[in-house]
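Q: If you scroll down you'll find the structure; I have some questions about it.
The values are calculated or read from the model by the stated rules, or taken from the named source; none is laboratory data. None of the values given here were measured: they were computed from a predicted structure. Virtual Cβ from ideal backbone geometry, glycine too; neighbours counted across all protein chains shown. We work out accessible area using only protein heavy atoms, side chains counted, and drop any ligands, DNA or RNA first. Shrake-Rupley method; radii C 1.70, N 1.55, O 1.52, S 1.80 Å.
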Amino acid sequence: MFRKVLIANRGEIAVRIAQTLQEMGIRAAVVYSDADRTALHVARADEAYRLVGVTAAETYLRGDRLIEIARSCGAEAIHPGYGFLSENAEFAQACGDAGLVFIGPTPAAIRAMGDKISAKRLMQKAGVPVVPGWSTDGDADASTLRREAQRIGYPILVKAAAGGGGKGMRLVRGESELAAAFEAASRESKAAFSDHRVFLEKYIDRPRHVEFQIFGDHHGRAVHLFERECSIQRRYQKIIEETPCVALFPERRAAMGEAAVAAARAIGYTNAGTVEFILDESGAFYFLEVNTRLQVEHPVTELTTHRDLVAAQVRVAAGEPLPFTQDALSQDGHAMECRIYAEDPENQFLPSIGTLRRFLPPAGPGIRVDTGVTTGTQVSVHYDAMLAKLIVWAGSRHECLARMRWALRHFVVLGVRTNIEYLQHILAHPEFVAGRIHTHFLDEHPISIASADVSREALAVAAWASRGDGGLHLAGSGDGESDEAVSPWRSTRGWRAY
Amino acid sequence: MAIDARLEGILMARLVLTPAGTTVPVEVELQPDRASGENAFRFRAGRDECAIEIIGSGEGEGRLALDGRVVPFYYATVDEQIEVWVDGCTYRFESAAATRSRRSASRPAHIAASGEITAPMPGTIQKILVGPGDRVAAGDALVVMISMKMEMTLSAPFASTVTAVECRAGRLVEMGALLVTLKEPADGG
């Protein structure tokens, strides 16, 4: 087994990986950008190395520097987490060339699945059902594009060949939108993945997003760890995930699981991966893509299968056989994850930056919080806006929902805007409660969080908290300035007494 | 001022608070109620009046007793607002003065009737698609921004001429920063 592993990531996933490594008796080394000097992942690591700079491109995306650091600190392996270099085949290759174990699939598997176009062709060949679409390896001229879009039939999706997470993706409802969407997706894809190629795909109405966790080892074994339903998305970004999926009865679950394992075998997949499907209202399922990394939402699988996926990743990467067989795996109870973002639901979900003045996640039976921030953390524009993942487990979906509502109601974040109340509203929606969800749920059921009622308690607290400022002093003595030195409102002077 | 002076030492706070997202101010008043305890107050919000008590308060937190119910609270002052967390919800209030100044400029950041295109979010300028003197139609893309990995295109709100470009590609900008100035063509122009 490894003695030291370098985590080439930041935030909650770096913290989460470090915990498992340390539990396994492996030293966890991390890297940090100048903006992350005081970050939680640095505090939790056994050793930390500086990456000069602030932007992702200057720091966490510098594969050459990461390999240098891993070698000089004596790490035997690199865990890439998710995002950043986790699905970069060249980086995985460079790790291998430098004598470091890349904790993930082989560069060939990443390459094969990273290109969404070739992945789809490969799956089609392996007999996995795919969504009708069109792609090209070269540049597309306008007339071909129009003709193919016509053939598939609107609405269609324009997607980045190298994409993921909704970046470089556009919905096109009619021909008039096609050229602009193609150009925008291309540009976004170029910026995000240095690859401008995009492809067209039939847009399926009200589909569920159901993905299967797969795992392969170097001894020819491949298994799945059941599904995760990730249908609640906003702008193609998942925000609530759960398992099991209420729409899967045992036969369909088995069929999809078999297709997922067939997909894994078709590419000789090793380590953790996810096969994404869309499930339409009739129950038909189609292959979407394979994510060749640990997923953000992996904890719901961990809580229902009682397996540590990071530990399994490390063991497989070290050459050990998978620590579980298909027959030994089962689903226990229900788990759900809410992604807590620093964003403003009342202002088009624009990112909200600032200092976390108070960050108090809930705790209690069945509650897990994966986070990389603390009170005092500066939320900047440089990295992802996700503050935490709130994951709960309970015996049934009904109890799980109640527990998640409780946990959200006890999650305190001050200093930046968050989607916590927005999530509470989704969880209270009768259609969500009934499990009638699909990827367009939030478009179909717009959630309005504006409330006409102002809490009396909140007003009382606001009045009390601002009592030293402008209240008595301005109104009574007419000498508001004298108390300003001790007033929390010193810099604003905005509070007026009447 | 005479009335205010009479209240000296009694009135702790009398504020007009505007809950964020609304334009309806609420007048609140807080008066010590020494007879009931060191941290007991009479609280009035509009026509609603009740007794409250603050228990075990620390830096930015405490417990509020109201109508026999005790609830924990947290608060922080952020920019010109006070944020209060109570009962699973975060409320934001601003003073009457802040509301007035905001209302005078209360159009969405990037939809500019004045022709000033400002950044709707903090982020990096990815691409500038126009230059001074360019004529643009309503809906034409002007600037592409990226923030937290999300791309956003800012478009011209009306047919106009670009009079100035105030940003540079690759630069970080704050929310509300002026990016492009547009001028509506004169009639017939």
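Q: Using a 7 Å offset from the Cα along the Cα-to-Cβ direction at both B:Asp87 and A:Glu258, what is the distance between the two label points in nm, to one decimal?
A: 5.4
Q: Which value, in Å to one decimal place, does the Kirkwood hydrodynamic radius take for region A:377-450 when every pair of different Cα atoms is included?
A: This gives a value of 14.1 Å.
Q: I'd like to know how chain A sits against the 2.2 N^0.38 Å rule of thumb: what's its Cα Rg over that expected value?
A: Normalised Rg, Cα atoms only: 1.04.
Q: How many nm is it between the label spots at A:His219 and A:Glu431, if each spot is 7 Å from the Cα in line with the beta carbon?
A: In this crude label model, A:His219 to A:Glu431 measures out at 4.8 nm.
Q: Residues with beta-carbon under 14 Å from that of B:Thr163, excluding B:Thr163: net charge, scoring Lys, Arg +1 and Asp, Glu -1?
A: -2
Q: Which value results when the Cα radius of gyration for region A:4-103 is divided by 2.2 N^0.38 Å?
A: 0.94
Q: Going from most exposed to least, what order do A:Ile214, A:Ile449 have by accessible area with a 1.4 Å probe?
A: Of A:Ile214, A:Ile449, the descending order of accessible area is A:Ile449, A:Ile214.
Q: Show that you can apply the helix-only estimate: for chain A, add -39,500 (n - 2.57) for every DSSP H stretch of four or more residues, divide by all residues, and state [θ] at 222 nm to the nearest 500.
A: Using -39500 (n - 2.57) per qualifying helix, the result is -9500 deg cm²/dmol.
Q: A further question follows. Explain nothing, just compute: Karplus ³J(HN,Hα) = 6.51 cos²θ - 1.76 cosθ + 1.60, θ = phi - 60°, for every residue of region A:114-125 in order, whole Hz, x for Gly and Pro.
A: For region A:114-125, the Karplus curve yields x, 8, 4, 5, 5, 4, 5, 4, 4, 5, 4, 5 Hz.
Q: Would you kindly state how much longer the chain becomes between A:Lys190 and A:His440 on full extension, computed as 0.36 nm times their sequence separation minus their alpha carbon distance, in nm to one decimal?
A: Additional length available on full extension: 87.3 nm.
Q: For A:Asp64 and A:Thr38, what does the FRET efficiency come to when R0 = 30 Å and r is the distance between their Cβ atoms, rounded to the nearest 0.05?
A: Plugging the Cβ-Cβ distance into 1/(1 + (r/R0)^6) gives 0.70.
Q: Please give me the summed charge of the neighbours of A:Arg121: other residues whose Cβ is under 15 Å from its Cβ, Lys and Arg +1, Asp and Glu -1.
A: +2
Q: Taking Cα pairs under 8 Å and at least six residues apart, what relative contact order does chain A come out at, in percent?
A: So the answer I get is 13 percent.
Q: Let me ask something else. Return, for the Cα atoms of region A:274-380, the radius of gyration and Dmax in Å, separated by a comma.
A: 18.3, 50
Q: Multiply the residue gap between A:Glu346 and A:Ala363 by 0.36 nm, knock off their C-alpha separation, and tell me the result in nm, one decimal place.
A: 3.4 nm is the gain from fully extending A:Glu346 to A:Ala363.
Q: Hey, could you pull the Cα Rg and Dmax for region B:116-183, both in Å?
A: 10.9, 32
Q: Please turn the phi angles of region A:225-239 into ³J(HN,Hα) values with the Karplus equation 6.51 cos²θ - 1.76 cosθ + 1.60 (θ = phi - 60°), one per residue in order, whole Hz, x for glycine and proline.
A: After applying 6.51 cos²θ - 1.76 cosθ + 1.60, I find 10, 6, 9, 9, 9, 10, 6, 7, 10, 10, 6, 6, 9, 5, 10 Hz.
Q: Measure up A:Lys159/B:Lys127; A:Lys238/B:Lys127; A:Lys116/B:Lys127 against 24 Å on the Cα-Cα distance and list the ones that go over.
A: Those over the limit are A:Lys238/B:Lys127; A:Lys116/B:Lys127.
Q: Let me ask something else about it. Once both labels are modelled 7 Å past Cα along the beta-carbon direction, what's the A:Ser143-A:Ala98 spacing in nm?
A: Taking the simple label geometry, A:Ser143 and A:Ala98 are separated by 5.0 nm.
Q: Using 0.36 nm per residue of separation minus the Cα-Cα distance, give me the extension gain between A:Ser118 and A:Arg151 in nm, one decimal.
A: 9.8 nm
Q: For B:Lys183, go through the aspartates and glutamates and keep the ones whose alpha-carbon is under 13 Å away, minus same-chain ones fewer than eight residues off.
A: B:Glu116, B:Asp134
Q: Excluding B:Ser36 itself, what net charge comes from residues whose Cβ is under 10 Å from its Cβ, given Lys and Arg +1 and Asp and Glu -1?
A: The answer is -1.
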